[in-house]
Amino acid sequence: MHLLLSNPQVLRLFIAQALFWSCSMTGIIFTAIVGLRLAPAAGLATLPLALLMLGGLLALQPLAGLMQRRGRRAGFLIGALAGVLGGLISALSLWLDSFTLLCIGALPIGAYQASAMYYRFAALEAVSDAFKGRATACVIGGGVLAALIAPTLGHMARDLAGVPFAGTYLLIASLAALGFMVLAGLPSTSGKPATRADAAAVSWQALLARPTIRAAVLTTAAGHGLMILVMNATPLAMHGEGLDLQASGQVIQWHMLGMFLPA
């Protein structure tokens, strides 16, 4: 807590993490059910969530290159703006009853997710070596705050726009906009290389030749694969058993607490 209160950069990154995971958690609870409602076939219900992950994958490398050249703040701000755009397009999909727009809206939300994965690394650059572990834990711990507030916010917003669930995506756009404002307060040089020599490219082959890198990739792939399967399937499975979205939200809430409390 002392680190959060004494270091403005870590505090901003903690808040930005909480806002992002509030968006993400809201999308996880509602998107598969909305997809089931709009999709031409039930088997396509989770396609928007798959496209969200694809959007994140496609955005990772360009965002990394941008942050290498311009600093982390530039990448974070573009990511947050992508979240705003994705939320607005997804809300529009419900007003227009368009599954295609729901799928399109998922792609920029994925880019927002990609940018948020770098928040923890920006925290490492904001503190001395003695506090790097604590700074990372503080930022990741923003997910705990998201787990506590996101289900309630999502259910409060779902019917506010006149069309069922449209308010949920307007909430995502609003939270991403708040994230943009929080991240705009980071130093413009945050994470920016001091010289071009520091930014020398390393080939994929050279990276994957390192056992630590290979282990990290495989562990992340397995962990995220299991997480995505559980989080995407749970709302649909519970809906199929006649349970409401509030019950699904509670399950996802405990899942998120399990993800972030150990930090």
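What to note about this one:
- Whole-Hz couplings from phi, Karplus 6.51/-1.76/1.60, listed for the range 145-158; x for Gly and Pro: 4, 4, 4, 6, 10, 5, x, 5, 4, x, 6, 5, 8, 4
- Derived scalar couplings between HN and Hα for the range 54-65 equal 5, x, x, 4, 5, 8, 4, 5, x, 5, 4, x Hz in order, rounded to whole Hz, by the Karplus curve 6.51 cos²θ - 1.76 cosθ + 1.60 (θ = phi - 60°), x for Gly and Pro.
- Structure-derived percent of Cα pairs over 33 Å apart: which label, when the choices are (i) 25; (ii) 13; (iii) 20: (iii)
- Using heavy atoms of the protein chains and a probe of 1.4 Å, the accessible area assigned to residue 70 is about 150 Å².
- With all protein chains modelled, accessible area of residue 252 [1.4 Å, Å²]: 0
- Counting only DSSP H runs of at least 4 residues, each contributing -39500 (n - 2.57), and dividing by the residue count of the chain, the helix-based mean residue ellipticity at 222 nm comes to -25500 deg cm²/dmol.
- Highest mean packing comes first when the peptides 33-45, 76-88, 143-155 are listed by Cβ atoms within 10 Å, giving 76-88, 143-155, 33-45.
- J(HN,Hα) series, the range 167-183, from Karplus relation 6.51 cos²θ - 1.76 cosθ + 1.60, nearest Hz, glycine and proline x: x, 4, 7, 5, 5, 4, 4, 5, 5, 5, 5, 4, x, 4, 5, 5, 5
The values are calculated or read from the model by the stated rules, or taken from the named source; none is laboratory data. The structure displayed is predicted, hence computed values, not measured ones. Ideal geometry is used to build each Cβ from the backbone, glycine not excepted, and the neighbour counts take in all protein chains shown. For accessibility, only protein heavy atoms count, side chains too; no ligands or nucleic acids. Shrake-Rupley method; radii C 1.70, N 1.55, O 1.52, S 1.80 Å.
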